[in-house]
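So the structure is just underneath, and the comments pick up after that.
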Amino acid sequence: MRAESLKQGVMIIVSDKARVSMVDPAEATGIMSLFFKAVEQFLGRVPNSRRVAAHTPMVNMLMLPFSAVLQREGAGGLLSSKIKEIAIIKTSHLNGCAY
């Protein structure tokens, strides 16, 4: 673990070890295997957030359509997909995520 300082005196702790284990899509079986395939179809990849949330399969499956709609343009949103993706990348970077 190491500390990194950012602008304006903000300090974040960066760890190379995950705090919560992630479910590997290649090792998933049954309904979770189907779920990971659906996630990849919706989002084009399986984000780490979905790998972590796989520990609660039913909640994870219920949230997938909502998160997919929120990331796409339209559906009542005011931001473009490009701006949303920039916000995701920036937040991931600030949190020490490898996206």
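Values as computed for the structure displayed
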quantity	calculated
Additional length obtainable on full extension of the chain from E40 to S21, 0.36 nm per residue less Cα span	4.9 nm
Residues E73, E27 arranged by fewest to most Cβ contacts within 10 Å	E27, E73
Gained length - N95 relative to M58, 0.36 nm times residue gap less alpha-carbon distance	10.6 nm
Cβ-Cβ FRET estimate between I88 and S33, R0 fixed at 22 Å, reported to 0.05	0.30
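Throughout, read-outs are computed from the coordinates displayed, never taken from laboratory work. As the structure is a computational prediction, the values presented were derived from the model and not from experiment. Positions of Cβ are generated from backbone atoms using ideal geometry, with glycine treated the same way; all protein chains shown enter the neighbour counts.
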